[in-house]
């Protein structure tokens, strides 16, 4: 699915653009993912797992653009991708009313309203295409994210103990949340 570019203004007055990433953004997307994975342990990958082959990322971005069920929105500031969010709709007849969402932003841009603007767009688009329920998973302890999700009406529906194991052996729970549209 292609997202039509949209300019936004951040809380500090910085101009940003929301847009669909293209295959030309593949290297930048790999670098962005690698950086975000280094900045927080609240993402599902270790930084080295984010260093995927360029051709794989190009194909991944093509598949999203061509998909009727998936959408990715990148946030660009001064020509640099600093965040992204996505929606992935289930494809089977019995579950196509549901979609998963995800988001990550460079740490230096936290608190500027990007995540709020992204969730507004994801929810708007989900409603437009007939999705009835949004779902996400968040690592327990990621209070900033949990607060954002609750502000948008997501509620906790389950907790998976020891879902993640950090390199130092620390075990973290995963919280499942949903929002009925």
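The values are calculated or read from the model by the stated rules, or taken from the named source; none is laboratory data. These numbers come from a predicted model, not from an experiment. We place every Cβ from the backbone using ideal geometry, glycine too, and count neighbours over all the protein chains shown.
Residue 49 passes every criterion in (1) more than 15 Å from residue 20 (Cα to Cα); (2) in a loop (DSSP other than H, G, I, E, B); (3) modelled with pLDDT under 95 apart from (2).
Being touching a residue at least 60 places away in the same chain (Cβ under 8 Å) and either out of contact with any helix residue (DSSP H, G or I) (no Cβ under 7 Å at 6 or more places or on another chain) or under 24 Å from residue 126 (Cα atoms) (or both), is that true of even one residue in region 45-60? No, every residue in region 45-60 fails to be touching a residue at least 60 places away in the same chain (Cβ under 8 Å) and either out of contact with any helix residue (DSSP H, G or I) (no Cβ under 7 Å at 6 or more places or on another chain) or under 24 Å from residue 126 (Cα atoms) (or both).
Here residue 145 does not qualify as in a strand (DSSP E or B), in contact (Cβ under 8 Å) with a residue 60 or more places away in the chain and within 15 Å of the chain's Cα centre (by Cα). Scanning region 32-44 for residues that are surrounded by 15 or more Cβ atoms within 10 Å (Cβ to Cβ) and touching a helix residue (DSSP H, G or I) at 6+ places or on another chain (Cβ under 6 Å) yields 33, 34, 37, 39, 43. For residue 117, state whether it is in contact with a strand residue (DSSP E or B) (Cβ under 6 Å, 6 or more places away or on another chain), surrounded by 11 or more Cβ atoms within 10 Å (Cβ to Cβ) and part of a helix (DSSP H, G or I). Yes: the conditions hold for residue 117. Taking residue 18, is it within 24 Å of residue 98 (Cβ to Cβ) and modelled with pLDDT under 95? For residue 18, the condition - within 24 Å of residue 98 (Cβ to Cβ) and modelled with pLDDT under 95 - is not met. Checking each residue in region 125-141 for being part of a loop (DSSP other than H, G, I, E, B), modelled with pLDDT of 95 or more and surrounded by 17 or more Cβ atoms within 10 Å (Cβ to Cβ) picks out only 131. Scanning region 1-10 for residues that are modelled with pLDDT of 95 or more, out of contact with any helix residue (DSSP H, G or I) (no Cβ under 9 Å at 6 or more places or on another chain) and either surrounded by 17 or more Cβ atoms within 10 Å (Cβ to Cβ) or in a loop (DSSP other than H, G, I, E, B) (or both) yields a count of 1. Just one residue in the set 122, 112 is touching a residue at least 24 places away in the same chain (Cβ under 8 Å), in a loop (DSSP other than H, G, I, E, B), surrounded by 18 or more Cβ atoms within 10 Å (Cβ to Cβ) and under 17 Å from the mean Cα position of the chain (by Cα); that residue is 112. Selection within region 154-181: residues that are touching a helix residue (DSSP H, G or I) at 6+ places or on another chain (Cβ under 9 Å) and part of a loop (DSSP other than H, G, I, E, B). The member of this set that is farthest from residue 101 (Cα to Cα) is 181.
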